[in-house]
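I have placed the structure first, in the form of structure tokens, so that the comments after it can refer back to it.
Derivation of every value follows stated rules applied to the coordinates shown; laboratory data play no part. Small disclaimer: the values here were computed from a predicted structure and weren't measured. Here the Cβ is made from the backbone with ideal geometry for all residues, glycine too, and neighbour counts use every protein chain on show.
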Amino acid sequence: MLGPPGAGKGTQAARVAESLSVPKVASGDLFRDHQARDTELGRLARTCMERGDLVPDDITIRMVMEWVEAHEGEGGFLLDGFPRTLAQAEALDREMVESGGIDRALYINVNTEELYRRLAGRWICRSCQTPCHEHSSPPAVAGKCDRCGGDLYQRDDDNAEAVQKRLGVFFKETEPLVQFYREAGILREVDGVGTVDGVGAALLETVAE
Ligand code: AMP
């Protein structure tokens, strides 16, 4: 699943994976988990993440491929936020050669103004990672996740400076992958400005094609 920060990848990846009954992983969540456990990888990734930079390809590819190898036999899976560079996309293609390659690249497209608005008010559940927004989708109980009741927090890299950096990195490093997957004939683009249900339904339609 491709898209700029704030496009709704996390929200939609959870819904699509649930509907298809496949496991999913977000590379950002894997990094945050390493940080919470204070592993060497977590420490290596921390500075890049705090600045809004990408973590170097070799570290990222190794970490995500470990996850892929552990889940490859499960009838499919969904990756959220990976690949984000051409080198990562090529590594994924190599990994998937024997199982016939990846089926779809889902691109959630959202204009920049809307992305800034979303990221500035974003809160995330510490337990299940479900995001909500203080204005457009406020939680029923302040500070608590509607889905699981976990505590909500704001990400360190959702501050104005890091957001600007992350969007710049997206347009430079990740947006070229849209063309890469379009040329491969597997890109499906969905307008990410709409209701969560509407965008989710559009994504599922493209997967079912
Ligand atoms: P995310 O939760 O997807 O917004 O990712 C948070 C941060 O984790 C990014 O700003 C990067 O620093 C790092 N990260 C996540 N996925 C990748 C990736 N595929 N390649 C490099 N860095 C990544």
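Counting neighbouring beta carbons within 10 Å and listing from fewest to most, the residues Lys172, Lys165, Lys9, Lys24 come out as Lys172, Lys165, Lys24, Lys9. Applying a DSSP loop filter and a limit of 13 other Cβ atoms within 10 Å to the trypsin sites (Lys or Arg not before Pro) in the range 37-97 leaves Arg37.
Taking label positions 7 Å along the Cα-Cβ direction at both Asp151 and Gln179, the computed distance is 4.6 nm, reported to one decimal.
Looking at the range 104-194, which GluC sites (Glu not before Pro) are in a loop (DSSP not H, G, I, E or B) and have at most 16 other Cβ atoms within 10 Å?
Details: sites: Glu113, Glu114, Glu134, Glu161, Glu173, Glu183, Glu189; in loops: Glu134.
Counting only loop positions with at most 16 other Cβ atoms within 10 Å, the GluC sites (Glu not before Pro) in the range 104-194 are Glu134.
For Leu2, the amide hydrogen comes within under 5 Å of the amide hydrogens of Leu106, Tyr107, Ile108, counting only partners 5 or more places away or on other chains and with H modelled in the peptide plane.
Label positions at Lys165 and Asp197, each projected 7 Å from the Cα along the C-beta direction, are separated by 4.0 nm.
Simple point charges give the picture: +1 on the Cβ of Lys and Arg, -1 on the Cβ of Asp and Glu, and for the chain a dipole about the Cα centre of about 600 debye. A Förster radius of 22 Å, combined with the Cβ-Cβ distance separating Asp93 from Ser21, puts the computed FRET efficiency at roughly 0.35.
By the beta-carbon count within 10 Å of each Cβ, the least crowded to most crowded order of Cys148, Cys132, fewest first, is Cys148, Cys132.
Using alpha-carbon pairs under 8 Å, 6+ residues apart, how would you state the relative contact order of the range 97-209 in percent? The value is 32 percent. Annotation for Glu40 and Tyr116: the two label points, set 7 Å from Cα along the Cα-Cβ direction, are 4.2 nm apart. Applying the criteria of a DSSP loop state and at most 10 other Cβ atoms within 10 Å to the GluC sites (Glu not before Pro) of the range 1-80 yields Glu74.
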